[in-house]
Amino acid sequence: QVQLVESGGGLVQPGGSLRLSCAGSGSIFGIYTMGWSRQAPGKQRELVAATNSAGSTNYADSVKGRFAVSLDNAKTTVYLQMNSLKPEDTAVYYCYLHVTARYYWGQGIQVTVSS
């Protein structure tokens with residue numbers, strides 16, 4: 001059974017930074033993808049950033065140049081470094097893992113950007 005545990009959210013002022021972490025455990029083998037999506041109130045969930053165990057990454061246009069996703073394969077942990085945060089980045093952020101044709105999701109973590 002796969003489990004994902006997120007940490008690092010909170011309240012930050014516009015222009016500030018936060019780092020999210022998501023640690024995976026369980027049956028995770030071979031090539032896999034880990035990433036982050038987010039859902040703001042009244043909006044659909046959207047992909048923010050993703051990376052895989054082969055090293056490729058992709059980002060939503062809205063976060064390119066501000067966010068950086070990275071993966072520690074040894075720890076099966078994905079990180080999201082968020083810089084130059086804007087109020088429109090406020091959302092619940094969900095970590096996900098895609099492995100052996102299945103998706104697994106974290107419980108979600110709140111990020112609020114406000115002065």
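Considering the conditions (1) at pLDDT below 95; (2) assigned to a loop (DSSP other than H, G, I, E, B); (3) of a type outside the set (A, V, I, L, M, F, W, C), GLY24 is excluded by exactly one of them, (2). Within region 1-30, if we keep just the residues that are within 12 Å of LEU71 (Cβ to Cβ) and of a type in the set (A, V, I, L, M), the residue that is most open to solvent (accessible area, probe 1.4 Å) turns out to be ALA23.
Residues being in a loop (DSSP other than H, G, I, E, B), open to solvent by less than 60 Å² (accessible area, probe 1.4 Å) and not hydrophobic (A, V, I, L, M, F, W, C): count how many of those fall in region 31-44.
From region 31-44, those in a loop (DSSP other than H, G, I, E, B) are 31-32, 40-44; that's our starting set.
So of that shortlist, the ones also open to solvent by less than 60 Å² (accessible area, probe 1.4 Å) come out as 32, 40.
In the following step, the residues that additionally are not hydrophobic (A, V, I, L, M, F, W, C) were identified as 32.
Counting residues in region 31-44 that are in a loop (DSSP other than H, G, I, E, B), open to solvent by less than 60 Å² (accessible area, probe 1.4 Å) and not hydrophobic (A, V, I, L, M, F, W, C) gives 1.
Of all residues in region 73-93, exactly one satisfies the criterion of being open to solvent by less than 30 Å² (accessible area, probe 1.4 Å), part of a loop (DSSP other than H, G, I, E, B) and modelled with pLDDT of 95 or more, namely LEU85.
Is it the case that some residue within region 64-72 is in contact (Cβ under 8 Å) with a residue 24 or more places away in the chain and surrounded by 12 or more Cβ atoms within 10 Å (Cβ to Cβ)? Among the residues of region 64-72, at least one is in contact (Cβ under 8 Å) with a residue 24 or more places away in the chain and surrounded by 12 or more Cβ atoms within 10 Å (Cβ to Cβ), which makes the answer yes.
Just give me the residues in region 47-69 being hydroxyl-bearing (Ser, Thr, Tyr) and more than 20 Å from TYR94 (Cβ to Cβ), in sequence order. Break it down stepwise before answering.
Taking region 47-69 first, the residues hydroxyl-bearing (Ser, Thr, Tyr) are 51, 53, 56-57, 59, 62.
Hit for region 47-69 is SER56, nothing else.
Of the residues TYR96, TYR103, only one is of a type in the set (Ser, Thr, Tyr), open to solvent by 50 Å² or more (accessible area, probe 1.4 Å) and part of a strand (DSSP E or B); which? Give the derivation first.
Working: TYR96 fails: open to solvent by 50 Å² or more (accessible area, probe 1.4 Å).
Answer to the check: TYR103.
The values are calculated or read from the model by the stated rules, or taken from the named source; none is laboratory data. Here the structure is a predicted model, which is why all the values come from computation and not from measurement. Note: ideal-geometry Cβ built from the backbone for every residue, glycine included; neighbour counts use all protein chains shown. Heads up: the accessible areas ignore ligands, DNA and RNA and are worked out on the full protein's heavy atoms, side chains in. Shrake-Rupley method; radii C 1.70, N 1.55, O 1.52, S 1.80 Å.
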